[in-house]
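S.K.: This is the structure, below, for whatever I ask next.
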Amino acid sequence: MKIDTENKTMSLKKIIKGLKDGTITILDGGHVCNSVVDKLENNLGHINDAFKKHKDIIKNAKSSKEEVDKSKRMIEFYNYKVNIEFGKFIDGEQYCFNCGAYMYILLLDEKTIGYIPTTKFWKISEDSGRMYDYKAKKEDCKCCSAKPLVDAGMLTAEIEAPTGELIFQNYFSNEKMYEYQGDEDDSINSIEGRNILMQDLATRNVGYGQMGNMGVTVYSNDKDEIIIGSDLECYEDNKAYHEEKGGEITEDWKEEVEQAESFKKILSDGKFKEVGYLSLGVWRWMCADAKTLKKYKEKKGEDALVAKLAPGKYKIEHYYDFPKNGNYLYSRIKLKS
């Protein structure tokens, strides 16, 4: 039987309970956010504190009529925040780490929570002609715009290397080799923002991969491919410890061995040699052909690594934001056939 949700409401407390016991599900559309339960519980805590404050003002014999009237209005306001009408948003926003959107948390019906970017919600509301009275529907909650990138499991771009001399650094100083040159202000906190920067830099033949507070090792086959990955020295030390001194063989260690040995096989089969190590103080690696550096009057930094390959167009595959390649293989840069 179809439920008529017109004018129906649910308390914030019941919403939280439903999310915890599974009777309410989240229609996330591929958005990846922090815990909605934690956010709503935090909101409810603040609201309950506000209720107590204003009830105390009303009960206090020393409170003026003006203070009492104001507190009554505030209690009415917070009552609205803890009793959510179906199709309306719950107080507080979610941030998606994939697309970078700030989104409303919608109570779609008694069994479903949905996410919708705040700007999109108000655009749909305005177009409906009902603006503040608009009630969102499930079809308003579209998939995360970064879902194709997540499904691909990598970010990709192409750069020209006319001399084949590729220079790798933590970062380049010239803003045209470092910063986004478009009109939009997209944060690289999200996968989509990182992809936008990657594509923009590639138009100027600069390669870029966003990383963490870490270091990477660059490997080359001296012909047509570069691999950016983990330094294996720490793994080899740990392996020796487990083999020689009887370290505990946990499931995590077994997974570590599998990933590391798979990475070692890639390097061995492809005859890759270590070019050097980069410390990523700015949480990224960047690369460009020697001719590109000359064009932008960029001098090689003290940390620069140089790999000499065949001249041509190279495709970058950057995996760091995606878990399927484990903790060792971060990026591959291959000559296009």
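S.K.: Using only Cα atoms, find the angle between the long axis of helix 233-245 and the longest principal axis of the chain, and express it within 0 to 90 degrees, rounded to the nearest 10.
M.R.: Result, in degrees: 90.
S.K.: Got a sec? Which residues in the stretch 61-90 would a label at THR112 touch, if it sits 7 Å along Cα→Cβ and we count backbone N under 17 Å?
M.R.: In the stretch 61-90, the label zone of THR112 (backbone N under 17 Å from the point 7 Å along Cα→Cβ) covers 85-90.
S.K.: Additional query: What are the residues whose amide H is under 5 Å from the amide H of ILE116, where those residues sit 5 or more places off or on another chain and H is modelled from the backbone?
M.R.: Those qualifying (amide H under 5 Å, at least 5 residues apart or on another chain) are TYR104, LEU106.
S.K.: Residues of the stretch 169-210 with the amide nitrogen closer than 11 Å to a label point 7 Å from the Cα of ASP151, along Cα-to-Cβ, please.
M.R.: none
S.K.: What is the angle, in °, between the Cα long axis of helix 12-21 and the longest principal axis of the Cα atoms in the chain? Nearest 10 is fine, range 0 to 90.
M.R.: For 12-21 against the chain, the angle is about 50 degrees.
S.K.: Residue by residue through the stretch 291-301, what is 3J(HN,Hα) from phi via Karplus (6.51 cos²θ - 1.76 cosθ + 1.60, θ = phi - 60°)? Round to whole Hz and write x for glycine and proline.
M.R.: 5, 5, 4, 5, 4, 9, 6, 9, 8, 4, x
S.K.: Could you pull out the pairs from LYS53/LYS81; LYS137/LYS324; LYS271/LYS294; LYS55/LYS88; LYS176/LYS264 whose alpha carbons sit more than 24 Å apart here? Each step should come with its number before you reach the end.
M.R.: Working: LYS53/LYS81 16 Å; LYS137/LYS324 34 Å; LYS271/LYS294 30 Å; LYS55/LYS88 27 Å; LYS176/LYS264 36 Å.
Going by Cα-Cα distance, LYS137/LYS324; LYS271/LYS294; LYS55/LYS88; LYS176/LYS264 fall outside the 24 Å limit.
S.K.: Using P(r) over Cα pairs in 10 Å bins from 0, in percent as the read-out, say which of [x] 5, 25, 31, 23, 13, 4, 0; [y] 5, 20, 29, 24, 14, 6, 2, 0; [z] 5, 19, 21, 18, 16, 12, 6, 2, 0 was calculated from these coordinates.
M.R.: Read-out taken from this structure: [z].
S.K.: Also: May I ask which residue of ASN34, GLY164, THR9 lies farthest towards the positive end of the charge dipole of the chain, with charges of +1 (Lys, Arg) and -1 (Asp, Glu) on Cβ and the Cα centre as origin?
M.R.: THR9
S.K.: Same structure, new question: Mind telling me which of LEU197, LEU267, LEU106 comes out most flexible in a GNM of the chain, alpha-carbon contacts under 10 Å?
M.R.: Evaluated over the chain, the most mobile residue of the options is LEU267.
S.K.: Also: Pop a pseudo-label 7 angstrom from the Cα along the beta-carbon direction at both GLU233 and HIS46 and give the gap in nm to one decimal.
M.R.: In this crude spin-label approximation the distance works out to 4.7 nm.
S.K.: Residues with amide H under 5 Å of VAL275's amide H, sequence separation 5 or more or different chain, H placed in the peptide plane at 1.01 Å from N; which?
M.R.: Amide H neighbours of VAL275, under 5 Å, 5+ apart: VAL218, TYR219, SER220.
S.K.: Post the alpha-carbon centroid distance, the stretch 152-178 to the stretch 233-265, in whole angstrom.
M.R.: 33 Å
S.K.: May I pose another question? Under a plain spin-label model, where a point goes 7 Å from the Cα along Cα-to-Cβ, how far apart in nm are LYS123 and ILE58?
M.R.: 4.2 nm
S.K.: Using θ = phi - 60° and the Karplus curve 6.51 cos²θ - 1.76 cosθ + 1.60, what whole-Hz ³J(HN,Hα) does each residue of the stretch 310-315 get, with Gly and Pro shown as x?
M.R.: Rounded to whole hertz, the list is 5, x, x, 8, 10, 9.
S.K.: Please list, ordered by chain and number, the residues whose modelled amide H lies under 5 Å from the amide H of GLU158; skip anything fewer than 5 residues away on the same chain.
M.R.: Close amide H contacts, sequence-distant or interchain: ILE316.
S.K.: Order CYS33, CYS144, most accessible first, counting only protein heavy atoms with a 1.4 angstrom probe. Could the numbers behind the result be given before it?
M.R.: Details: CYS33 35, CYS144 5 Å².
Per-residue accessible area, sorted high to low, gives CYS33, CYS144.
S.K.: Expressed as an acute angle from 0 to 90° and rounded to the nearest 10, what is the orientation of the C-alpha long axis of helix 118-128 relative to the principal long axis of the chain?
M.R.: 50 degrees
S.K.: I'd like the FRET efficiency for LYS254 and MET214, computed as 1/(1 + (r/R0)^6) with the beta carbon distance as r and R0 of 30 Å, rounded to 0.05.
M.R.: Details: r = 23 Å, r/R0 = 0.77.
FRET efficiency, LYS254 to MET214: 0.85.
S.K.: Then there's this: Using a 1.4 Å probe and ignoring any ligands, DNA or RNA, find the accessible area of GLU192 and quote it in Å² to the nearest 10.
M.R.: GLU192 has an accessible surface of roughly 50 Å² with all protein chains in place.
The values are calculated or read from the model by the stated rules, or taken from the named source; none is laboratory data. Everything numeric in this text was worked out from a predicted model, so none of it was measured. Virtual Cβ from ideal backbone geometry, glycine too; neighbours counted across all protein chains shown. Just the protein is used for accessible areas: all its heavy atoms, side chains included, with ligands, DNA and RNA removed. Shrake-Rupley method; radii C 1.70, N 1.55, O 1.52, S 1.80 Å.
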